[in-house]
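Each reported figure results from applying straightforward, stated rules to the coordinates on display, with no laboratory input. This one's a predicted model, so the numbers in the text were calculated from it and none came from an experiment. Counting neighbours? That spans all protein chains shown, and the Cβs are built from the backbone with ideal geometry, glycine included.
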Amino acid sequence: MEKLSNLLKSIDGKGYKAYKDIAGFYNATDYNLEILNVQGDPFASPTMFEFSIKVRKVTDNLELLETKIKKTAFEDYLLRELYENLEKDGYIGEIFLLKPQDEIIKRTAISIKGEKLFIKYYLNLPAKGRNVLGNEAFEKIDKFSKKIYEYLLGFNVEKAKRQIKLFENIENLREKLKTEKVKVFIANGTIIKKEDKEIRIDSPPLSLRKRIRR
């Protein structure tokens with residue numbers, strides 16, 4: 001990251017578009033960082049970063065990745081943990097990361113390719129008026145790459161395994177419903193438990209209501 005630090009120092013005080021010069025690939029001791037789409041204006045869409053790290057630095061339990069279903073569930077789990085930690089520590093708003101929804105699916109914000117884990121996120125690069133603040137920019141970039149590294153190393157293996165098992169069960173059920181052509185209906189008044197919440201189903205989903213009306 002010394003290369004990035006020196007580059008940001010060299011453009012400190014220049015016009016904001018000088019930030020374009022920092023696009024590229026940088027090595028840290030334990031991970032790598034690539035700066036992709038660099039914003040050309042303080043009010044433009046934030047700059048995209050891609051953090052990458054060897055999977056074995058995060059976990060040596062390769063059972064978590066031995067099937068496509070497991071890998072998708074593990075990626076989803078890490079993204080959820082990362083977002084929740086950033087949110088808990090009050091960083092969401094400074095850093096922009098895709099917020100996971102209820103469904104476990106393949107997401108562009110995180111991926112495991114070969115021996116590496118990749119995470120995409122966004123930061124607004126600091127400015128004084130329309131001039132580069134090089135030192136502040138490096139501090140911000142370095143701070144969040146280190147935070148991501150810290151959160152990844154602290155993930156809960158047992159919690160990850162539970163999410164993977166849940167997703168395997170869901171996918172097996174989906175396959176069984178498809179092959180056996182089973183249709184499932186949820187009655188009004190059904191209470192579904194989700195973690196510490198209870199959700200009451202009082203009407204069919206919109207897509208089902210449309211079919212009923214036809």
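Between residue 136 and residue 179, what is the label-point separation in nm under the 7 Å Cα-to-beta-carbon projection?
It is 6.0 nm.
Which residue, chosen from 189, 141, 7, occupies the Cα position most advanced towards the positive end of the dipole of the chain, where the dipole is computed from +1 (Lys, Arg) and -1 (Asp, Glu) charges on Cβ about the Cα centre?
Ranked along the dipole, the leading option is 189.
Over the alpha carbons of the stretch 1-67, what is the largest minus smallest coordinate on each principal axis, giving the biggest first in Å?
50, 25, 13
Residue 157 versus residue 87, label points 7 Å from Cα toward the beta carbon: distance in nm?
Label-label distance for residue 157 and residue 87, simple model: 2.7 nm.
So if I take the centroid of the Cα atoms in the stretch 147-183 and the same for the stretch 65-109, what is the distance between those two points in Å?
Between the Cα centres of the stretch 147-183 and the stretch 65-109 lies a distance of 13 Å.
Calculate how many DSSP beta bridges within the chain are antiparallel, expressed in % of all such bridges and rounded to the nearest 5.
The answer is about 95 percent antiparallel.
Sorted from largest to smallest, which semi-axis lengths in Å does the alpha carbon gyration tensor of the chain give for its equivalent ellipsoid, taking the root of 5 times each eigenvalue?
Over the Cα atoms of the chain, the semi-axes work out to 41, 22, 15 Å.
For the stretch 50-94, state which GluC sites (Glu not before Pro) are in a DSSP loop and have at most 16 other beta carbons lying within 10 Å of their beta carbon.
Filter output for the stretch 50-94: 66, 94.
Past 32 Å, Cα to Cα: identify those pairs from 113/178; 147/176; 88/183; 17/71; 88/113, in the order given.
147/176; 88/183; 17/71
If you place +1 on the Cβ of every Lys and Arg, -1 on the Cβ of every Asp and Glu, and leave all else neutral, what size is the dipole of the chain about its Cα centre, to the nearest 20 Debye?
Dipole about the Cα centre, nearest 20: 1180 debye.
At 0.36 nm per residue, minus the direct Cα-Cα distance, what do residue 14 and residue 146 gain on full extension? Give it in nm, one decimal, please.
44.8 nm
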